[in-house]
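Take this structure, written in structure tokens, and hold onto it; I'll ask about it next.
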Amino acid sequence: MPEEKRLPTLEERAEMTRIAGKAYDRGDIEEFRRLSLLIPIEPEVAKFYVKIFGKEYFLKSGWNLTVANAKLEPGWLDKYDGIEKMDLLEEITEEEEYAIYDQNTDFESGIM
């Protein structure tokens, strides 16, 4: 019988966010991006990104979906795919994506 993977706790995810935030604060943007993609994002955040950016773009971005996939219903990516997509965001650059991420992340508390 396959062993079920343990999801990281909220505290573990918060610590990962603080570590990524420290890389950002010291100007190491590449390390910040690498570490950020390791942090499982919350289901509501994942749904928001899929609604706005669309499933294909979101999957290509490399975000960690372990928590979202475990907590959301099967087929959630298709269900929410681009339902609130904005033409403005179709050609979003990586820098703009991280600016949106910065505005919605509290590095001190570790909330993404």
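Filter the GluC sites (Glu not before Pro) in the stretch 10-42 to those in DSSP coil with at most 12 other Cβ atoms within 10 Å of their Cβ, and list the result.
Sites meeting the loop and neighbour criteria: none at all.
Could you list the residues of the stretch 21-46 with an amide nitrogen less than 19 Å from a label point located 7 Å from the Cα of Glu84 in the Cα-to-C-beta direction?
Flagged as within label range: 41-46.
Once the piece of chain linking Glu73 and Thr9 is laid out straight, how much longer is it, given 0.36 nm per residue of separation minus the C-alpha distance between them?
Using 0.36 nm per residue and subtracting the Cα-Cα distance, I get 21.1 nm.
Quick note: the coordinates plus some simple rules give every number you see, no bench work behind them. The model shown is predicted, which means the values in this text are computed figures rather than measured ones. Cβ: placed from backbone, ideal geometry, glycine included. Neighbour counts: every protein chain shown.
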